[in-house]
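As structure tokens, the structure follows; a few thoughts come after it.
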Amino acid sequence: MEDGERETWTTDEFGLCHTGEVGVVLDDGTVPRPVYFDASSGGGGRAVSQWSVYDGRLRQGPCAAALRAVCSCGWNGPEQHLDWDEIGDQDLQTAGANAADTCMRDWDAHTVEVERSAVPLPEAVTVLLAQLEVEVEKLAKSSPLAAIRAARRLEVLAAQTAYWPAPEARRDADPGQAAAALGLDESGARALLARFGRWSPYS
């Protein structure tokens, strides 16, 4: 779908590499262009791709036949068909809410699969990271500044411990392999390795 204003979802770990949203499918199987809304003052307007504007009504976009979860990585979820005989004159934002919620759950399941397909971490590391998160959250309740210092120490630790593995990972894995192992797209994986290895992502 072309860019336009719409609600999107991301996860903390995968960020923009897996940006999800509710996508719209028309009767002919195509994806509609954004709907353009003129400004009331006549000085420009805005393009909107939010699923709820595709109700086929006057001056708005075509009528959505189905909704589906989509992800910036190219993944698409199953279609949730809309029954317009049942919807009738209802506002699509309300009538399609259940279908949209299903799309979000489908995308959540997709990100779980992305996480599972990423290179696994040893159990000891996973446990330590979980304990660390709990301890810092507890610290934040009693001493927010101490929690900030702890978070800063974690940033420093991340930079130090990833500095040497970054060039080795770039040497041992091609961009596609690195992206799959990290649960990112190739651009995201390249940028992450560059940040940890302290080189230009364009080199």
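Each value in this text was obtained by applying a stated rule to the coordinates, not by laboratory testing. No experiment lies behind these values; they were computed from the predicted model shown. Positions of Cβ are generated from backbone atoms using ideal geometry, with glycine treated the same way; all protein chains shown enter the neighbour counts.
The figures follow:
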| item | result |
| --- | --- |
| Kirkwood Rh and Cα Rg combined as Rg/Rh, segment 13-137 | 1.13 |
| Simple label model, 7 Å out from Cα along Cβ direction - residue 57 to residue 89, nm | 1.1 |
| For segment 72-86, Karplus couplings with θ = phi - 60° (6.51, -1.76, 1.60), whole Hz, Gly/Pro x | 5, 6, x, 6, 10, x, x, 6, 10, 6, 9, 9, 6, 5, 7 |
| Cβ-based charge dipole, segment 1-100, positive-most Cα from 19, 65, 77 | 19 |
| Other-chain or far-sequence residues with amide H under 5 Å of residue 5's (modelled H) | 47, 48, 49 |
| Descending Cα extents along the principal axes, segment 52-203, whole Å | 60, 45, 31 |
| The chain: relative contact order as a whole-number percent, Cα under 8 Å and 6+ apart | 16 |
| Positive-end residue, segment 61-203 charge dipole about Cα centroid, Cβ charges, pick of 150, 93, 120 | 150 |
